[in-house]
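Right, one structure below, let's go through it.
The values are calculated or read from the model by the stated rules, or taken from the named source; none is laboratory data. The structure presented is a predicted model; accordingly, all values stated were derived computationally and were not measured. When we count neighbours, we look across all protein chains shown, and the Cβ atoms used for this are built from the backbone with ideal geometry, even at glycine.
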Amino acid sequence: MPGGSGSPQCIGLVVFRIVIYSTGSLALVDAAYTLAALAIPAVQDIVYREIPPEYWVPVGLLGAALGVSAGMQACTPHLLRASLLLGLIIVLVGGILYLVGLLGGGDVYALAFLAVSIPCPLRGGVLPPVYEVLFYAIIVETLYRVLTLWRACGPRCTLTIRGVPVRAHELLAEGRFRWWIIHGVGVEDDELDVELALAEEPERQVLAVPGSPMVAFLLLGLILYLALGPCLARLLEVLLR
């Protein structure tokens, strides 16, 4: 993740917000732990697009212990149970999206971690934080996808869903297409097999879409949630008036 003079100020703002709006010291520890624990796989997602599944077991168990303990201080038992149940629902939805190829396994693990690590709403929100974090993450991911597609082939591609047509030799040779997801090459979803298939027909056009480091976007979503509060709950309140 690139550094800069604004990074300390940004981190300071987040910590300040947590301190101001936390309901107790345990909530502060829980939020800080969640940020730190999510930052490691976020970097791995950006650099390698792979996160070892075993990472989530000890991290998730400790996160659940901290989250439930902080939740018992921050909200009523009924609200804590409801928040955990709603968090489980979004994890199940993530699992379905994983099965149909729309999310990676690490993304689902990250959602599960967020659902148990900070289960209770913060700053007067009504939704479990994992919903708010995902909402922010989707906004950031959408901006990333639009800008990436614009860079690849101009404004005509920014709203595509199926993918943009790209020649095989461009996908193999040009750095801007690194980590793109390729469709319709006639082989299983194995990186080496895909590269071999593309190399055999360098002029062939295939459909491709930019892959997203979703765990990194979830980390950004968590930072935005802690800094700005429950945006999704406010939006729903306005829409339901």
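The residue of region 56-98 that is farthest from Leu111 (Cα to Cα), among those that are touching a helix residue (DSSP H, G or I) at 6+ places or on another chain (Cβ under 7 Å) and free of Cβ contacts under 8 Å to residues at least 24 places away in the same chain, is Met72.
Here the condition is being at pLDDT below 95, charged (D, E, K, R) and either assigned to a helix (DSSP H, G or I) or farther than 22 Å from Leu103 by Cβ (or both); of Arg81, Arg49, it holds for Arg81 alone. Annotation: Ile118 fulfils all but one of (1) at pLDDT 90 or above; (2) farther than 17 Å from Ala137 by Cα; (3) in contact with a Ser or Thr (Cβ under 9 Å, 6 or more places away or on another chain); the unmet one is (2).
Of all the criteria given as (1) within 23 Å of Ala42 (Cα to Cα); (2) among the β-branched types (Val, Ile, Thr); (3) surrounded by fewer than 20 Cβ atoms within 10 Å (Cβ to Cβ), the one not satisfied by Val126 is (1).
Can you name every residue in region 108-149 that is within 17 Å of Ala82 (Cα to Cα) and part of a helix (DSSP H, G or I)? Selection gives Leu111, Ala112, Phe113, Leu114, Ala115, Val116, Ser117, Pro129, Val130, Tyr131, Glu132. For first residues located in region 23-41 and surrounded by 16 or more Cβ atoms within 10 Å (Cβ to Cβ) and of a type in the set (Phe, Trp, Tyr), partners that are modelled with pLDDT of 85 or more and assigned to a helix (DSSP H, G or I) and lie 6+ apart or on another chain with Cβ distances below 6 Å form the pairs Tyr33/Leu66.
Residues checked against (1) out of contact with any helix residue (DSSP H, G or I) (no Cβ under 8 Å at 6 or more places or on another chain); (2) at pLDDT 65 or above; (3) of a type in the set (S, T, N, Q):
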{"residue": "Pro129", "(1), (2), (3)": "no, yes, no"}
{"residue": "Val133", "(1), (2), (3)": "no, yes, no"}
{"residue": "Val164", "(1), (2), (3)": "no, yes, no"}
{"residue": "Ala173", "(1), (2), (3)": "yes, no, no"}
{"residue": "Arg176", "(1), (2), (3)": "no, no, no"}
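Selection of region 102-113 for residues being without any contact (Cβ under 8 Å) to a residue 12 or more places away in the chain and either among the small types (Gly, Ala, Ser) or buried (at least 19 other Cβ atoms within 10 Å of the Cβ) (or both) yields an empty set.
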